[in-house]
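Here the structure comes first, spelled out in structure tokens, and everything after it is commentary.
The values are calculated or read from the model by the stated rules, or taken from the named source; none is laboratory data. Because the structure is a prediction, the values reported are computed rather than measured. Here the Cβ is made from the backbone with ideal geometry for all residues, glycine too, and neighbour counts use every protein chain on show. For the accessible areas, the whole protein counts, side chains as well, though only heavy atoms, and no ligand, DNA or RNA atoms are used. Shrake-Rupley method; radii C 1.70, N 1.55, O 1.52, S 1.80 Å.
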Amino acid sequence: MLRDDLKSAMKDAMRNKRPVELSTIRLILAAIKDRDIANRSDGSREGVSDASIQELLQKMVKQRNESIKMYEQGGRLELAEAEQAEIVVIQGFLPEQMDEAAMAAAVDKAIADSGAASIKDMGKVMGALKSGNAGAMDMQAASALVKQRLAAK
């Protein structure tokens with residue numbers, strides 16, 4: 001389970017005195033705990049699933065990439081480097097990301113399987129991509145590719 005992997009990695013980072021890794025993992029675990037608490041308020045006693053944790057991690061990477069752009073524009077390269085170091089730690093808990101060719105193949109397959117004929121069918125295609133490739137695909141890039149493919153039809 002991903003949560004157990006995170007806790008184990010946190011202990012390892014503490015033992016081996018890796019402060020960047022330790023602080024990043026603590027941030028991840030705090031975000032997961034926040035989600036757990038939000039779920040409890042909805043009446044659920046279950047913790048968040050691994051899929052939800054992967055979604056959270058992808059969101060954290062996206063936030064850090066946006067911060068890097070802002071820091072670089074503001075000339076704060078040391079802060080951009082710190083964000084990049086956090087991204088490396090977070091990505092260590094995500095599945096291997098698809099390359100462009102694999103993503104294009106998955107998009108084409110999803111379009112064919114869903115019978116999408118126009119841009120109006122984009123929701124069906126994106127739903128199929130999310131269910132079949134959770135965590136392994138950059139959904140923002142996939143969305144742009146789906147739009148491009150469906151606009152050409």
Legend entry - Subset of segment 12-22 (residues that are surrounded by 15 or more Cβ atoms within 10 Å (Cβ to Cβ) and either free of Cβ contacts under 8 Å to residues at least 24 places away in the same chain or not in a helix (DSSP H, G or I) (or both)): A13, R18, L22
Legend entry - Residues of segment 49-60 that turn out to be surrounded by fewer than 15 Cβ atoms within 10 Å (Cβ to Cβ), aliphatic (A, V, I, L, M) and closer than 14 Å to L27 by Cα, as a count: 0
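Looking at segment 75-87, which of its residues are open to solvent by 60 Å² or more (accessible area, probe 1.4 Å) and touching a residue at least 12 places away in the same chain (Cβ under 8 Å)?
Initial filter on segment 75-87 (open to solvent by 60 Å² or more (accessible area, probe 1.4 Å)): 76-78, 81, 84.
If the condition is that a residue be open to solvent by 60 Å² or more (accessible area, probe 1.4 Å) and touching a residue at least 12 places away in the same chain (Cβ under 8 Å), then Q84 is the only one that fits.
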Inset, instruction - Working only within segment 100-153, note down all residues that are small (G, A, S), open to solvent by less than 60 Å² (accessible area, probe 1.4 Å), in a helix (DSSP H, G or I) and in contact (Cβ under 8 Å) with a residue 24 or more places away in the chain. - result: A104, A106, A110, G132, A141, A142
Inset, instruction - Name the residue, out of E72, E46, that is open to solvent by 80 Å² or more (accessible area, probe 1.4 Å), part of a loop (DSSP other than H, G, I, E, B) and more than 20 Å from F93 (Cα to Cα). - result: E46
Legend entry - Complete set of residues in segment 86-95 that are under 11 Å from the mean Cα position of the chain (by Cα) and assigned to a loop (DSSP other than H, G, I, E, B): F93, L94, P95
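Per-residue answers, yes or no, for (1) among the aliphatic types (A, V, I, L, M); (2) under 24 Å from K62 (Cβ atoms):
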| site | (1), (2) |
| --- | --- |
| K11 | no, no |
| M14 | yes, no |
| L22 | yes, yes |
| L27 | yes, yes |
| A30 | yes, yes |
| R35 | no, yes |
| R40 | no, no |
| E46 | no, no |
